[in-house]
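The values are calculated or read from the model by the stated rules, or taken from the named source; none is laboratory data. Just so it is clear, the structure is predicted and the values come from calculations on it, not from any experiment. Here the Cβ positions follow ideal geometry from the backbone for every residue, glycine too, while neighbour counts run over all protein chains shown.
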Amino acid sequence: MTQRATIFEVIEALERTRIPFRLARDRPDTIRVDATLVGMRLEIECFEDGQVEISTFEDTEDIDEGYDDLMQVLRDYAFD
């Protein structure tokens, strides 16, 4: 069985390890914690019942050229 945790326990764990984070609410049943490490980003979904889901994203964090690249990404990934 997977251990459950409150949003407060998740935040306290990140604060203890000095990992910067932001909170977001994109769905009515979760609060998302976005944490940033060198070379990795975490999306931590905290559910009302204590369930925690984690998605990890690793990359080289290369910097693209700028506004034109941003516009291309938005065209490629825009919601219909």
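Of all residues in the stretch 37-63, those being surrounded by fewer than 13 Cβ atoms within 10 Å (Cβ to Cβ) and not hydrophobic (A, V, I, L, M, F, W, C) number 11.
Selection of the stretch 22-44 for residues being out of contact with any Phe, Trp or Tyr (no Cβ under 9 Å at 6 or more places or on another chain) and within 21 Å of Phe57 (Cβ to Cβ) yields Arg22, Leu23, Ala24, Arg25, Asp26, Arg27, Arg32, Leu37, Val38, Gly39. With the structure loaded, tell me whether Gly50 is at pLDDT below 85 and not hydroxyl-bearing (Ser, Thr, Tyr) or whether it fails that test. For Gly50, the condition - at pLDDT below 85 and not hydroxyl-bearing (Ser, Thr, Tyr) - is not met.
Scanning the stretch 22-47 for residues that are at pLDDT below 95 and not in a strand (DSSP E or B) yields Asp26, Arg27, Pro28, Asp29, Val38, Gly39.
Is it true that some residue in the stretch 1-21 is out of contact with any Phe, Trp or Tyr (no Cβ under 6 Å at 6 or more places or on another chain), part of a strand (DSSP E or B) and surrounded by fewer than 12 Cβ atoms within 10 Å (Cβ to Cβ)? Looking for residues that are out of contact with any Phe, Trp or Tyr (no Cβ under 6 Å at 6 or more places or on another chain), part of a strand (DSSP E or B) and surrounded by fewer than 12 Cβ atoms within 10 Å (Cβ to Cβ), one finds none in the stretch 1-21, hence no.
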